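To start, the structure under review is shown below, and the notes come after it.
The values are calculated or read from the model by the stated rules, or taken from the named source; none is laboratory data. On a predicted model such as this, the values are computed, not experimentally measured, just so you know. With ideal geometry, Cβ positions are generated from the backbone for all residues, glycine too; neighbour counts draw on all protein chains shown.
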């Protein structure tokens, strides 16, 4: 089904009917990387059952010398071939899968599993591709993941791509017709992952309707109006919400494969595509939370002197407001007001608000992070950490030499506009849900001929 938005209707692989799918599905390999006990418990739950646990390499083991990474990668590749040879993985009729995932939210997260053309994705800084990362890609993280993919015969995705569909016209309507679709799975996920249901979409008329809806989002006139653009900018249709380094590894692998192929062999080679789940950023269940900053070994006066000099020297204006007592600000009170960005700060004995007028970045985290990067370069003894909860910021900032910054929430509408106007956002800008809410491996796809 040809289109101009890089969407591929894939042949999805599902485990055969007698496989216990609740043991088959395990969480994304890049979760619980500091908690080996989580993965040890997963091993116990899986036991001798068929499971994607045997087809992935949990990243908690990447630095574990006893794990013997090279030997285990070979074992993973052998397991993949065995699953194909013994028909443990069964190809479905080409199509998408509509997914509903229920975790802590009172409403399910809705998504579409489909394949994306890696020719339409660029993870490099300054990317203007149809599919773009939301945050800076750490190039050093790619090679070890390519090692896993380069001899793999099957891929399993934990990649989530976001679309900006405020009218909820593409994915959400499928919920009303799901009873007419074939349900391919419906089960409780292990280790507190919630409940998930998947429905097959292989009807050509419905596939066409979905693709046309995505093409509508990619029309220049729709794109320009949505983001209030006065000059044409390259279309951004898909923003990577989760799994960017896995997608970058798939891209790097494809570039290696492409070198071995003639031009006519490249057009439909399976390694050219990657399986993903597409979710609307306006999905009611999708919570986008700011990630706060904590600095260590900071000279408070020197820091604020540097901050004031930096912003005043770059055409912005700084106002420092000190509170009479040490107070953790409610992040909702830090909402952006027009041409103003606000941040709360807290130290051992005081707190307050930093206001930046006429900021250069589109969102507050972009404004503060540019300065923090410069400050850390000039003050090598100072360190930074990225913190999810304001309670943790409060605790850490009560210690000598520490300073916390509480960032305001990010508007869903601002996320895409920021990438369009400013490029990728700073590292650790936002988080989508807790670890147990991340994608579990269920569907697969062949990436070799």
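Some notes on this structure:
- Residue 256 meets the stated requirement of being touching a residue at least 40 places away in the same chain (Cβ under 8 Å), surrounded by fewer than 16 Cβ atoms within 10 Å (Cβ to Cβ) and in the same structural domain as residue 133 (by TED's automatic domain parsing).
- Test result for residue 14, crowded, with 19+ Cβ neighbours inside 10 Å, assigned to a helix (DSSP H, G or I) and in contact with a strand residue (DSSP E or B) (Cβ under 7 Å, 6 or more places away or on another chain): no
- Among the residues of the range 175-199, the ones that are under 18 Å from residue 49 (Cβ atoms) and not in a strand (DSSP E or B) come to 4 in all.
- Odd one out for residue 310 among (1) surrounded by fewer than 18 Cβ atoms within 10 Å (Cβ to Cβ); (2) out of contact with any helix residue (DSSP H, G or I) (no Cβ under 7 Å at 6 or more places or on another chain); (3) not in a strand (DSSP E or B): (2)
- The residues of the range 264-287 that are assigned to a strand (DSSP E or B) and in contact with a helix residue (DSSP H, G or I) (Cβ under 6 Å, 6 or more places away or on another chain) amount to a single one, 274.
- Within the range 151-168, residues that are on the phi < 0 side of the Ramachandran plot and outside the structural domain of residue 257 (by TED's automatic domain parsing) have Cβ atoms under 6 Å from residues that are modelled with pLDDT of 95 or more and in a loop (DSSP other than H, G, I, E, B) in no pair, counting only partners at least 6 apart in sequence or on another chain.
- Residue list for the range 385-421, filter: outside any loop (DSSP other than H, G, I, E, B) and touching a helix residue (DSSP H, G or I) at 6+ places or on another chain (Cβ under 6 Å): 387, 404, 406
- Test: residue in the range 392-404 that is more than 17 Å from the chain's Cα centre (by Cα), touching a residue at least 12 places away in the same chain (Cβ under 8 Å) and on the phi > 0 side of the Ramachandran plot: yes
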